[in-house]
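Below: the structure, in structure tokens.
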């Protein structure tokens, strides 16, 4: 767990890489049910074979939704953190489709750390979600998180 006094020295550095997460068709189908997004490219393997994707692909938002699990796996919270909250994104781009049956993982680079006072730290990470064996990442985002550090 890094101390707040160490944050400035970590800016620009990779601070974690998550484990691989499997993107099964069952996971894609469950996400479709949860979000009510049943577009055929996600849930109909036969119809999706006829597209340039050659099969079903994960929803971009499914890939993005795994960011929290990737972060928990890869990035140590600040020393003394009481809680953290998602603060949003400054930038988000979906760059490559994630085929059903593939695996993804997150790489985190600390871009900035801002002391907001009262024990609140606004951290910005560059998140790159890689597709195992892929030429391009699934997505790149600048993700903001607020961590509250107790006294």
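Would you mind ranking 125, 38, 59 so that the residue whose beta carbon has the fewest other beta carbons within 10 Å leads the list? Could you put the intermediate results ahead of the total?
Numbers: 125 25, 38 11, 59 21.
With the fewest neighbours first, 125, 38, 59 line up as 38, 59, 125.
Taking only DSSP H segments of four or more residues, each worth -39500 (n - 2.57), what value at 222 nm results for the chain once the sum is divided by all its residues, to the nearest 500 deg cm²/dmol? Write down the numbers at each step before the final one.
Numbers: 6 runs with 38 residues, N = 151.
After summing the helix terms and dividing by the residues of the chain, the value is -6000 deg cm²/dmol.
In degrees from 0 to 90, rounded to the nearest 10, what is the angle of the helix 25-35 Cα long axis to the longest principal axis of the chain?
With both axes taken from Cα atoms, the answer is about 70 degrees.
Along each of its three principal axes, how wide is the spread of alpha-carbon positions in the range 83-145, in whole angstrom units, largest first?
45, 20, 16
Among 35, 63, 128, whose mean-square fluctuation peaks in a Gaussian network model of the chain (Cα, cutoff 10 Å)?
Of 35, 63, 128, the Gaussian network model singles out 35 as fluctuating most.
Just to compare against my own numbers: the Cα pair-distance distribution for the range 33-119, 5 Å bins, whole % per bin, please.
Taking every Cα pair in the range 33-119, the percentages come to 3, 10, 18, 19, 16, 11, 9, 7, 4, 2, 1, 0.
List 18, 65, 5 from most exposed to least, where exposure is judged by having the fewest other Cβ atoms within 10 Å. Working shown, then result.
Working: 18 22, 65 14, 5 8.
Exposure proxy ranking, most exposed first: 5, 65, 18.
Based solely on C-alpha atoms, express the radius of gyration and the Dmax of the chain in angstrom.
17.2, 58
Given just the C-alpha atoms of the range 1-83, how large is their convex hull per residue in cubic angstrom? Mind showing how you got there, number by number?
Values: hull volume 10.0 nm³, N = 83.
So the per-residue hull volume is 120 Å³.
No value in this document is a laboratory result; all are computed from the given coordinates. Note that the coordinates shown come from a computational prediction; the quantities given were computed from them, not determined experimentally. Reconstructed Cβ throughout: ideal geometry from the backbone, glycine too, with neighbour counts over all protein chains shown.
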